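Q: Supplied in structure tokens, the structure appears directly below.
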Amino acid sequence: MSSSEQLFARAKQLIPGGVNSPVRAFRSVGGAPFFVKAARGATLVTADDRELIDFVCTWGPAIHGHNHPAIREAIAAALDRGTSFGTPNPLEVEMAELIVKFVPSIQKVRMCNSGTEATMSAIRLARGFTRRDKIIKFSGCYHGHSDSLLIKAGSGALTHGHPDSAGVPASFARETIVLPFNDRAALDAAFAANPGEIAGVILEPYCGNVGFIMPDAGYLAYLRAITAKHGTVLIFDEVMTGFRIAKGGVQERDHITPDLTCLGKIIGGGLPVGAFGGRADIMDQLAPLGPVYQAGTLSGNPLAMAAGIAALKLLETEDPYARLDALGRRLRDAVLGACQAKGLPVQVPQCGSMFSIFFTPTPVRDYATALTGNKELFNRFFHACLDRGVYLAPSAYEAGFLSTAHDGVAIERACGIMMDAISSL
Ligand code: HOZ
């Protein structure tokens, strides 16, 4: 038995499914997960001493690669001063200043501990601010696992065939209207059918939890206009895209100003974190200023703030976005070329350091077209890559991520492996 197999056998005795987050269990792609004992740069080191080129990047945070020296030093320095104070600390202020500086729509920000907390709190805030109950989300968008949002959800929920989770009361689900992404007529109809009732519209402006999907030209501007017209709070979930698509996220790249934005992942530099922010008049409805309650023992944790500040400062000094996009295009072209040579229909949506691979002739622009991807073929591709030393997300419905560490040798090696994997299918 390998070390990973032994660890998984022990884990399954005590942890449901042997994992602390469902997609990690490999159930969708088949086989058993490997355990990782270390990571550096673009590489994971498994419990069995295999080295894998990693395109999961801890599901997005590791934009500088794993275990970057500047982030490690920042954490070590913070550790010397203490791990948690339960009082305001100076690093929270520095983090807030950086977020407000870079994310165009954010005037005030509140830190929390995960993307799920950020989206859950933003929804409550939108409801408290508008004094309305209903929200709109889009099928395939995943905003963490709170009750209002785990309906027609992507990511692990879709991967495991439960886009509507058990345990969400029907009465809660009734307050969530689910629409197809990229469909203006569906938006018009939902607002017409629920006049004065919709508190917020939440979306991943570039979807990353049903594979990677970009909005049609003008769609985000349409959303901005219709929500403004109806006094509805527009919430961008930029947990994945924030500081990744651009320093200021999709809103900076596409020049759209949402009312609230949810962040996570990169802003924690690899430690647990979340944040939500936006218009000052909305944010000031939060306790202690206003009536919308939200709190957290570890919110603004000094270690997470130190790691996140180091990660954001590196983005400021290195400005890696053109380089990351070139790496993304290199990978996309390699996959497209290999599939063309093999006669396999494929779609490879990519923007900057996010991408995904759908084995389908159909352009992917929403949940329904994402499902046209050949999942069985994806699973064989996934394992062919893994056997050769490249780790992709173990699901046909997750995005891939690149980091600044995927340059030179790593990206060329990964492209060669992926092309060979495709020719083996
Ligand atoms: N739902 C996460 C990605 N979209 C998976 C997180 C994890 O398994 O670590």
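Q: Among the chymotrypsin sites (Phe, Trp or Tyr not before Pro) within the range 45-114, which fall in a DSSP loop and have no more than 15 other Cβ atoms within 10 Å of their own Cβ? Intermediate values should be presented prior to the final figure.
A: Working: sites: 55, 59, 85, 102; in loops: 55, 85.
Counting only loop positions with at most 15 other Cβ atoms within 10 Å, the chymotrypsin sites (Phe, Trp or Tyr not before Pro) in the range 45-114 are 85.
Q: Here's another thing I want to ask about it. Just how large is the dipole of the range 101-256 about the Cα centre, in debye to the nearest 20, putting +1 at every Lys and Arg Cβ and -1 at every Asp and Glu Cβ? Intermediate values should be presented prior to the final figure.
A: On the way: 17 positive and 14 negative charges, 99 e Å.
Dipole about the Cα centre, nearest 20: 480 debye.
Q: Also, quick follow-up: Please identify, among 18, 268, 408, the residue showing maximal mean-square fluctuation in a Gaussian network model of the chain using a 10 angstrom Cα cutoff.
A: Between 18, 268, 408, it is 408 that shows the largest mean-square fluctuation.
Q: Give me the dipole magnitude in Debye, nearest 20, for the chain about the Cα centre, with unit charges on the beta carbon: positive for Lys and Arg, negative for Asp and Glu. Spell out each step's value before the answer.
A: Values: 39 positive and 39 negative charges, 85 e Å.
Computed about the Cα centre, the dipole is about 400 debye.
Q: For the chain, give me the percentage of DSSP beta bridges that are antiparallel, rounded to the nearest 5 percent. Let's see the in-between values first.
A: Working: 24 of 42 bridges.
Roughly 55 percent of the DSSP beta bridges within the chain come out antiparallel.
Q: When only DSSP loop residues count, what chymotrypsin sites (Phe, Trp or Tyr not before Pro) in the range 238-294 have their Cβ near at most 13 other Cβ atoms within 10 Å?
A: Details: sites: 243, 276, 293; in loops: 243, 293.
Here the chymotrypsin sites (Phe, Trp or Tyr not before Pro) that fit, given the DSSP loop and packing criteria, are 293.
Q: Which percent, nearest 5, of DSSP beta bridges in the range 126-234 are antiparallel?
A: Numbers: 1 of 10 bridges.
Percentage antiparallel, nearest 5: 10.
Q: Find the lysine pairs in the chain meeting two conditions, Cα atoms under 14 Å apart and a separation of 8 or more places or different chains, and report how many there are.
A: Numbers: 101/247; 101/313; 137/152; 247/265; 247/313.
Here the count comes out as 5.
Q: Between 20, 86, 315, whose Cα lies farthest towards the positive end of the dipole of the chain when Lys and Arg beta carbons carry +1 and Asp and Glu beta carbons carry -1, centred on the Cα centre?
A: Of the candidates, 20 comes out farthest on the positive side.
Q: Give me the percent of DSSP beta bridges within the range 189-287 that run antiparallel, rounded to the nearest 5. Show your work: numbers first, answer last.
A: Numbers: 6 of 14 bridges.
In the range 189-287, DSSP labels about 45 percent of beta bridges as antiparallel.
Q: Going by average Cβ density within 10 Å per residue, which order do the peptides 48-54, 379-385 take, highest to lowest? Before the final figure, lay out the partial values.
A: Details: 48-54: 17.6, 379-385: 20.3.
By packing density, highest mean first, the sequence is 379-385, 48-54.
Q: Return the distance in nm (one decimal) between the two label points of a simple spin-label model at residue 73 and residue 376, each offset 7 Å from Cα along Cα→Cβ.
A: About 5.4 nm, to one decimal.
Q: Okay, moving on. Quick check: residue separation of residue 14 and residue 40 times 0.36 nm, minus the Cα distance between them. What number comes out in nm? Numbers along the way, then the final one.
A: On the way: separation 26, 0.36 × 26 = 9.36 nm, distance 2.89 nm.
Once the chain is fully extended between residue 14 and residue 40, it gains 6.5 nm.
Q: Next up: Give me the percent relative contact order of the range 85-235, please, defined on Cα pairs under 8 angstrom at least 6 residues apart. Can you show the working numbers first?
A: Values: 204 pairs, mean separation 34.3, N = 151.
About 23 percent, as a whole number.
Coordinate-derived values only; no laboratory data. Model, not experiment: these values are computed from the prediction. With ideal geometry, Cβ positions are generated from the backbone for all residues, glycine too; neighbour counts draw on all protein chains shown.
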